[in-house]
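Quick notes on the structure that follows.
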Amino acid sequence: MTQLFTKITELREFLTDRKQIGLIPTMGALHQGHLSLIERSRQQDQVVVVSIFVNKLQFAPTEDFQQYPRQLNQDLYLCEEAGVDIVFAPDDQEIWQDRQPKTLIQPPSFLSEGLCGRSRPGHFIGVATVVVKLLNIVQPDRAYFGQKDAQQLAIIQQMVKDLNLPVEIIPCAIARDIEGMALSSRNQYLNAAEKLIAPQIYASLEVAQTAFFNGEQNSDRLLDLVQSYLANTPQLKLDYLQIVDPHSLQPLKSISENALLAIAVYLGKTRLIDNILLTHNFRVSQ
Ligand code: AMP
């Protein structure tokens, strides 16, 4: 039976003295991607906590905070089905007391200013600040994050290390639909025509992956292949396309071991991100 908490003190009271807590932080509108993180937690934690909070601190005023899908009843149903013990769904007042927080977590610029950080300045301050709050509120042993948001994952791993946060971060593979498209709550924004186009994003990354498996290590040549493929789909407007080190997020000229090929595109008004790990060592992709 999933229990819903909306108040920090009540949640804390319930969790005191519990052991082996797993936390899956989410913004709700749950899909199979979130459920795959929940499943990982269920396999190793005694208490599975899913937080659902649309964090306005990580949205710029021009972004989709108001429009972001909110469907708590359906999320609760999915959590119940998935064997989640606790859903923590606070409102804005509970988390921010209706004011801008005075203490913010500033991730290092080398991690936060490239990739998504370029078109979303301040986004990762909002992410890091709310994640620290959620970690302090829930005090989990493990917290689960999707590789889908690879930059977020790298920033959180760095933060946990730098601040000695007593939690193990578990990276989880990207869940995709049958066409290869990375699942995302924002996929709900796409109309029928856009849904037909969207799988081309992953298909473009696969072109580079195939070339990489066939021995191509030069980043510029791999990126050119992706660009040429995307030229067939002008509806996809590139925000960025880069090959970076998966941990330092610094651009790589050539790939010796592992690299992250990351993309962000606009499809109509919707901004979509995806990535693929270019590696010959499959253990790192999990
Ligand atoms: P969100 O609700 O979009 O903030 O995502 C909550 C968590 O789920 C984050 O750690 C995401 O990286 C992860 N996530 C979202 N979509 C996917 C996906 N398709 N596969 C794996 N993890 C995902």
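The values are calculated or read from the model by the stated rules, or taken from the named source; none is laboratory data. Since this is a predicted model, take the numbers as computed values, not measurements. Cβ atoms come from the backbone with ideal geometry, glycine included; neighbour counts cover every protein chain shown. With ligands, DNA and RNA removed, areas are computed over all heavy atoms of the protein, side chains included. Shrake-Rupley method; radii C 1.70, N 1.55, O 1.52, S 1.80 Å.
Ordering Pro69, Ile24, Ile255 by the projection of their Cα atoms onto the charge dipole of the chain, which places +1 on the Cβ of Lys and Arg and -1 on the Cβ of Asp and Glu, puts Ile255 at the extreme positive end. Which pairs break 22 Å Cα to Cα here: Lys56/Lys195; Lys7/Lys133; Lys56/Lys269? Too far apart for the 22 Å limit: Lys56/Lys195. Solvent-accessible surface of region 78-203, taken per residue with a 1.4 Å probe and all protein chains present: 45 Å². Note on the chain: with neighbouring protein chains present and a 1.4 Å probe, carbon and sulfur make up 49 percent of its accessible heavy-atom surface.
Between Ala192 and Asn281, the simple label model (points 7 Å from Cα in the Cβ direction) yields a spacing of 4.8 nm. Computed over region 178-242, the range of Cα coordinates on each principal axis works out to 37, 23, 17 Å, biggest value leading. Using the rule -39500 (n - 2.57) for each DSSP H run of four or more residues, divided by the residues of the chain, the 222 nm mean residue ellipticity is -11000 deg cm²/dmol.
One decimal place: the segment Gln67-Thr103 gains 10.3 nm when fully extended, by the rule 0.36 nm per residue minus the C-alpha distance. Post the alpha-carbon centroid distance, region 210-286 to region 16-50, in whole angstrom. That distance is 29 Å. When Rg and the Kirkwood Rh are both derived from Cα coordinates, the Rg/Rh ratio for region 49-160 amounts to 0.95. Taking label points 7 Å from Cα along the Cα-to-Cβ direction, Gln235 and Asp92 give a separation of 3.4 nm. Given the chain reduced to its alpha-carbon atoms as identical point scatterers, what log10 I(q)/I(0) does the Debye formula return at q = 0.07, 0.10, 0.14 Å⁻¹? Result of the Debye calculation: -0.26, -0.54, -1.07.
Per residue, the convex hull spanned by the Cα atoms of region 116-268 measures out at 133 cubic angstrom.
Protection proxy ranking for 23-29, 247-253, 114-120, 231-237, using the average of other Cβ atoms within 10 Å per residue and placing the highest first: 23-29, 114-120, 247-253, 231-237. Each 5 Å bin, from zero up to the one with the longest distance, holds this percent of the alpha carbon pairs of region 203-286: 3, 15, 27, 26, 16, 9, 3, 0. If R0 is 35 Å, the Cβ-Cβ spacing of Glu13 and Glu206 corresponds to a FRET efficiency of close to 0.10.
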